Amino acid sequence: MSEQKYSIVLRDCRLLGAGDRETVDIAIEDDTIAAVSPRISGLGDREIDIKGKLVCPPFVESHIHLDSALTAGEPRWNQSGTLFEGIQIWGQRKQGLTLNDVKKRAIETLRLQASQGILFVRSHADVSEPTLTALQGLLEVREEVKDWMTLQVVAFPQDGIYGSPGNDKLLDKSLDMGADAVGGIPHYELTREDGVKSVHRIFELAEKYNKLIDIHCDEIDDEQSRFLEVVAACAIRSGAGSRVTASHTTAFGSYNNAYAFKLMGILQKSGINFIANPLINITLQGRADSYPKRRGVTRVKELWQHGLNVSLGHDCVQDPWYSLGTGNMLDVAHMAVHVCQMTGMAEIAACFNMVTVNGAKTLYLGDDNYGIDAGKPANLIVLDAEDCYDAIRRNMSCKPFLARVSLIKKFRNCIQ
Ligand code: 17E
Ligand code: FE2
């Protein structure tokens, strides 16, 4: 019997969570994983010795604003470092948006992300401007990059749904144009009532257009900001649970424990996803505090301990809110380990999951589309690390290589 032939065989791969267990070989045929086993006898046209390094599914960037990426300092720098000054500066910068401007910066950022092992990205697009240039640009980019990057676009009304007349219609139009998810910003609406109304409107639109939901929710230090409970209640009543995401939720870090305890039960019942953005929220929040100064990050550890799905996002790559982004998901996981005090071994592993498998769940990619199993698309990365602890600890020097098979051709020199 002739030996089985594959396009590529990766030898001696250490899978996530394998510990000291045996490494495996991974056979790839066309764009699909054909086999994963301790010893594959068939040969690949291309044989790559991974030398026991960590092989995992690609990084998932579950929360970024590509429309504002690479605009830091334009037209001016954020002096107070607050969310609100950032919104003001972006409000000026976005007046001059053109399709070309949005697309050029978005593609440059996506290339930066792909070169660091990210193959799935969810980006918000500000839909508060009547021209909808940011959205149109990102929808075109979604199409243009689809061979090497899966991009989801959230219609995000940065200035609020009820902040000015017409925004509600713009959000509706954005979904009609093809955005993948409905966004919102209830804590920024003019009143508490408007905030609650906006959450109900988001769920109504999601149902009308059959879209996912991802809301910027309670991104403020105000312990009275309680829109998360409204999101959870709507998720419970609509049954939309796993299709719903609450991003940021930094006020949850300021709630009193009695309320937080009650809320946690409701959240568990809702089954919604959470996204924390520790790099930017550690810098944006706490700006009105003297000392003690709050960390301004949601209760990541407790959400994880209670079985909720939490992923992590970069949020910004050099924009008015955060000028220091690199796009590297290990930077994000590294910061989460510190800010959320998740330094135990199981906790560090959990933070690694938050930039990989948990992100895939948040993006609702489906079990068939993500992971290292026979039959799934051959989307995987190789990290120059022994395990996820080593990867996070040495984040600056850990270089991912090899990505989606179609990318092997594009980024051939990444494979070593
Ligand atoms: N807009 C917003 O409302 N919050 C953020 N963190 C960013 C943009 C980056
Ligand atoms: Fe954000």
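The values are calculated or read from the model by the stated rules, or taken from the named source; none is laboratory data. Values in this document were obtained by computation on a predicted structure and should not be read as measured data. Backbone-built Cβ (ideal geometry, glycine too); neighbour counts: all protein chains shown. Note: accessible area is taken over every heavy atom of the protein model, side chains too, but ligands, DNA and RNA are not part of it. Shrake-Rupley method; radii C 1.70, N 1.55, O 1.52, S 1.80 Å.
Along each principal axis, taking the top coordinate minus the bottom one, the Cα set of region 152-199 gives 30, 19, 14 Å in descending order. Annotation note: trypsin sites (Lys or Arg not before Pro) in region 1-48 located in DSSP loop regions with a Cβ neighbour count of at most 11 within 10 Å are Arg21, Arg39. Between Glu386 and Thr98, the contour length at 0.36 nm per residue exceeds the alpha carbon distance by 99.2 nm.
Can you give the relative contact order of region 174-220 as a percent, counting alpha carbon pairs under 8 Å and 6+ residues apart? For region 174-220, the relative contact order is 48 percent. Taken about its Cα centre, region 43-147 carries a charge dipole of about 200 debye when Lys and Arg each add +1 at the Cβ and Asp and Glu each add -1 at the Cβ.
Would you mind getting me the FRET efficiency between His200 and Glu143? Use the beta-carbon distance for r and R0 = 41 Å, nearest 0.05. E(calc), rounded to 0.05, equals 0.80.
Principal-axis analysis of the Cα atoms of the chain puts helix 228-238 at an angle of about 70° to the longest axis.
Tell me, which longest segment in the chain has none of the GluC sites (Glu not before Pro) that fall in DSSP loops with at most 12 further Cβ atoms within 10 Å? Here the longest segment lacking exposed loop sites spans 23-416. Our Cα-only numbers for region 306-349 put the radius of gyration and Dmax at 12.0, 35 Å.
Under the classification rounded if a/c is under 1.5, otherwise prolate if a/b is larger than b/c and oblate if not, where does region 158-271 fall, given a ≥ b ≥ c as square roots of the Cα gyration tensor eigenvalues? In terms of gyration-tensor shape, oblate. Using all Cα-Cα distances in the chain, what percent lands in each 20 angstrom bin from 0 up to the longest? Values per bin, smallest distances first: 28, 57, 15, 1.
Seen against the Cα atoms of the chain and their longest principal axis, helix 257-270 is set at about 60 degrees.
So if R0 is 51 Å, what FRET efficiency would Ser290 and Lys51 give, r being the distance between their Cβ atoms, rounded to the nearest 0.05?
0.50
Over region 242-325, all Cα pairs binned in 5 Å intervals from 0 give whole-percent P(r) values of 3, 14, 24, 23, 17, 12, 6, 1, listed from short to long. Of the residues Gly195, Tyr162, Met149, the one whose Cα sits farthest toward the positive end of the charge dipole of region 83-195, with +1 on the Cβ of Lys and Arg and -1 on the Cβ of Asp and Glu, is Met149. Reported to the nearest whole Å, the Cα centre-to-centre distance from region 190-265 to region 49-108 is 24. Which shape class applies to region 12-171: rounded if a/c is under 1.5, otherwise prolate when a/b exceeds b/c and oblate if not, where a ≥ b ≥ c are the square roots of the Cα gyration tensor eigenvalues? Note, shape of region 12-171 comes out prolate. Remark: relative contact order (the chain) = 19 percent; criterion is Cα-Cα distance under 8 angstrom and separation of 6 or more residues. Across region 190-235, the volume of the C-alpha convex hull divided among the residues equals 72 Å³ per residue. If R0 is 60 Å, the Cβ-Cβ spacing of Ser397 and Gln224 corresponds to a FRET efficiency of close to 0.85.
Charge dipole (Cα centre; +1 on Lys/Arg Cβ, -1 on Asp/Glu Cβ; no other charges) of region 339-397 amounts to roughly 180 debye.
How large a share of the accessible area of region 192-340, in percent, is made up of carbon and sulfur atoms when the probe is 1.4 Å and the other protein chains stay in place? That fraction is 50 percent. Net length available on complete extension from Glu108 to Phe84 is 6.0 nm, with 0.36 nm assigned per residue and the Cα-Cα distance removed. A dipole drawn for the chain from +1 and -1 charges on Cβ atoms has a positive end, and of Ala258, Gln136, Cys234 the residue lying farthest that way is Ala258.
Rounded, prolate or oblate: which fits region 203-357 when a ≥ b ≥ c are the square roots of the eigenvalues of the alpha-carbon gyration tensor, with rounded for a/c under 1.5 and prolate only if a/b beats b/c? The shape class here is rounded. Rounded to the nearest 20 debye, the dipole size of the chain about its Cα centre is 300 debye, using +1 on the Cβ of Lys and Arg and -1 on the Cβ of Asp and Glu. With angles folded into 0 to 90 degrees, how steeply does helix 167-177 sit against the dominant principal axis of the chain? Use alpha carbons for both and round to 10. Long axis of 167-177 versus the principal axis of the chain: about 30 degrees. For Val127, neighbours were defined as the other residues whose beta-carbon sits under 12 Å from its Cβ, and their charges (Lys and Arg +1, Asp and Glu -1) total -4. Over region 212-252, Cα pairs under 8 Å with separation of 6+ residues give a relative contact order of 64 percent.
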